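Derivation of every value follows stated rules applied to the coordinates shown; laboratory data play no part. These numbers were taken from a predicted model, which means no experiment stands behind them. We place every Cβ from the backbone using ideal geometry, glycine too, and count neighbours over all the protein chains shown.
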Amino acid sequence: MASFRYLVTDVEQSISFYCELLGFTLKQQFGPAMAIVERDDLQLWLAGPAASASKPMPDGAVPEPGGWSRIVLSVDSLESVVSTLRAAGASFRNEVVAGPGGQQILCEDPSGNVVELFEPAN
């Protein structure tokens, strides 16, 4: 199972986003500091401001959410998933783009972390 850590601004809000909108299951929660959610063979660690992963680096740099690295979630109907997310108020960085392998769109979680939603070509 692959594990990824996303820094988030609000653990509860992130749990709701991933579990209610993207089909993850809450496996473990450590109060408001951190939670672990799973989907298929992917484990996502949601680290809030109180988590040890959010502590400043020796040079003073502070870890923060966002960026362009991302998890990729394969979906059966991209159009349906995008519609559900838009109705829930989710933000997107682009519109659906198509390529030889399928189509994709970049969605943001409530903290600005990118989730690529991908529907493979038939």
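Would you please name the residue that is nearest to residue 69 (Cα to Cα), looking only at residues in the stretch 1-46 that are part of a loop (DSSP other than H, G, I, E, B), among the hydrophobic types (A, V, I, L, M, F, W, C) and more than 13 Å from the chain's Cα centre (by Cα)?
Of the stretch 1-46, the ones part of a loop (DSSP other than H, G, I, E, B) are 1, 8-10, 23-24, 31-33, 40-41.
Filter once more, so that each one left must be among the hydrophobic types (A, V, I, L, M, F, W, C): 1, 8, 24, 33.
Those left that are additionally more than 13 Å from the chain's Cα centre (by Cα): 1, 33.
On the way: 1: 18, 33: 22 Å.
Per the criteria, the residue is 1.
Please enumerate the residues belonging to the stretch 30-60 that are small (Gly, Ala, Ser) and either within 9 Å of residue 11 (Cβ to Cβ) or touching a residue at least 24 places away in the same chain (Cβ under 8 Å) (or both). Can you show your working first?
Looking only at the stretch 30-60, we keep the residues that are small (Gly, Ala, Ser), and these are 31, 33, 35, 47-48, 50-54, 60.
31, 33, 35, 47, 48, 50, 51, 53, 54, listed by residue number.
This table checks each residue for (1) polar (S, T, N, Q); (2) within 19 Å of residue 63 (Cα to Cα).
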| position | (1), (2) |
| --- | --- |
| 6 | no, yes |
| 9 | yes, yes |
| 15 | no, no |
| 28 | yes, no |
| 37 | no, no |
| 42 | no, no |
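For (1) touching a strand residue (DSSP E or B) at 6+ places or on another chain (Cβ under 8 Å); (2) within 17 Å of residue 110 (Cβ to Cβ); (3) of a type in the set (D, E, K, R), each residue gets a yes or a no:
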site: 1; (1), (2), (3): yes, no, no
site: 10; (1), (2), (3): no, yes, yes
site: 30; (1), (2), (3): no, no, no
site: 62; (1), (2), (3): no, no, no
site: 80; (1), (2), (3): no, no, no
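Examine the stretch 70-87 for a residue that is among the small types (Gly, Ala, Ser), more than 27 Å from residue 120 (Cβ to Cβ) and more than 16 Å from the chain's Cα centre (by Cα), and state whether such a residue exists. Even if it seems obvious, please write down each step before you answer.
Just the residues of the stretch 70-87 that are among the small types (Gly, Ala, Ser), to begin with: 74, 77, 80, 83, 87.
When the remaining residues are screened for being more than 27 Å from residue 120 (Cβ to Cβ), the result is none.
No, there is no match, as no residue in the stretch 70-87 is among the small types (Gly, Ala, Ser), more than 27 Å from residue 120 (Cβ to Cβ) and more than 16 Å from the chain's Cα centre (by Cα).
So residue 63 passes all but one of these: (1) more than 14 Å from the chain's Cα centre (by Cα); (2) under 20 Å from residue 3 (Cβ atoms); (3) in a strand (DSSP E or B). Which condition number does it fail?
It is condition (3) that residue 63 fails.
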